[in-house]
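**Student:** The structure that follows is given in the form of structure tokens.
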Amino acid sequence: VTVIFLTMRVYIYILILFVINLQIADLLKETLLSCLELLEALCRSLDKEYKYGLCKYWKHLAEHFGISEQEYQRFEFQPVFSPTELMFEYLQTADPDVTIGCLKVGLRKIERHDVIDLLVQHEKCGFV
């Protein structure tokens, strides 16, 4: 039953990609970082560690993108900024070719389907 559910979720995700405005190849710097409302929603979801570390957050996403621990530790100790926002800004300069598709793959890898759902909601509303 779980396998069927996960398979259905993948098919629905693929269908959504074809219907929505935001394309998998769109660059982060041209989409995510230009939509303040979406960026804030992602930061709220990814900034904090939940469920005693069982729910992965921005550090796990940084590792997915190959950001070294030494580099991403600097994001955490900025009292004014969100570590998630700093990570996205770092990615914008370190790898300007990162796409929305790459972000979704990373989120899927760290099992944050709730954050993928945030992206999809914003895509449907035309915010991105």
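The values are calculated or read from the model by the stated rules, or taken from the named source; none is laboratory data. Because the structure is predicted, anything quoted here is derived from the model rather than measured. All Cβ positions, glycine included, derive from the backbone under ideal geometry; neighbour counts span all protein chains shown. Keep in mind that these areas ignore ligands, DNA and RNA; they rest on the heavy atoms of the full protein, side chains included. Shrake-Rupley method; radii C 1.70, N 1.55, O 1.52, S 1.80 Å.
**Student:** Within the range 12-28, does at least one residue satisfy the condition of being in contact with a strand residue (DSSP E or B) (Cβ under 9 Å, 6 or more places away or on another chain), assigned to a helix (DSSP H, G or I) and modelled with pLDDT under 80? Walk me through it before giving the result.
**Tutor:** Here is the first cut: in the range 12-28, the residues in contact with a strand residue (DSSP E or B) (Cβ under 9 Å, 6 or more places away or on another chain) are 23-28.
Imposing the further condition that a residue be assigned to a helix (DSSP H, G or I) reduces the set to 28.
Now narrow it down to the ones that are modelled with pLDDT under 80: 28.
Scanning the range 12-28, I find at least one residue that is in contact with a strand residue (DSSP E or B) (Cβ under 9 Å, 6 or more places away or on another chain), assigned to a helix (DSSP H, G or I) and modelled with pLDDT under 80, so the answer is yes.
**Student:** Give the number of residues within the range 29-56 that are out of contact with any Leu (no Cβ under 7 Å at 6 or more places or on another chain) and part of a loop (DSSP other than H, G, I, E, B). Don't jump to the end; show me each part of the working.
**Tutor:** Step one: list which residues in the range 29-56 are out of contact with any Leu (no Cβ under 7 Å at 6 or more places or on another chain), which gives 29-30, 34-37, 40, 43-44, 47-56.
If we keep only those that are part of a loop (DSSP other than H, G, I, E, B) as well, we get 35, 47-49, 54, 56.
The number of residues fulfilling the criteria is 6.
**Student:** Any idea which of THR93, THR31, THR99 is over 13 Å from the mean Cα position of the chain (by Cα) and β-branched (Val, Ile, Thr)?
**Tutor:** Only one candidate qualifies: THR93.
**Student:** Mind checking which residues of the range 59-98 are of a type in the set (A, V, I, L, M, F, W, C) and within 18 Å of LYS29 (Cβ to Cβ)?
**Tutor:** Matches in the range 59-98: LEU61, ALA62, PHE65, ILE67, PHE75, PHE81, LEU86, MET87, PHE88, LEU91, ALA94, VAL98.
**Student:** Restricting attention to the range 77-109, which residues are within 18 Å of ALA41 (Cα to Cα) and of a type in the set (D, E, K, R)?
**Tutor:** Answer for the range 77-109, where residues must be within 18 Å of ALA41 (Cα to Cα) and of a type in the set (D, E, K, R): GLU85, GLU89, LYS104, ARG108.
**Student:** I need the helices (runs of 4 or more DSSP H) fully contained in the range 57-128, keeping only those with at least 2 residues that are in contact (Cβ under 8 Å) with a residue 24 or more places away in the chain.
**Tutor:** Once the helices (runs of 4 or more DSSP H) in the range 57-128 are filtered for at least 2 residues that are in contact (Cβ under 8 Å) with a residue 24 or more places away in the chain, what remains is 58-64, 83-94, 100-109, 113-125.
**Student:** Of the numbered conditions (1) surrounded by fewer than 18 Cβ atoms within 10 Å (Cβ to Cβ); (2) within 21 Å of GLU123 (Cα to Cα), PHE77 fails exactly one; give the number of that condition.
**Tutor:** (2)
**Student:** Then there is this: Determine whether the range 115-122 contains at least one residue that is among the polar types (S, T, N, Q) and either in contact with a Phe, Trp or Tyr (Cβ under 9 Å, 6 or more places away or on another chain) or open to solvent by 70 Å² or more (accessible area, probe 1.4 Å) (or both).
**Tutor:** yes
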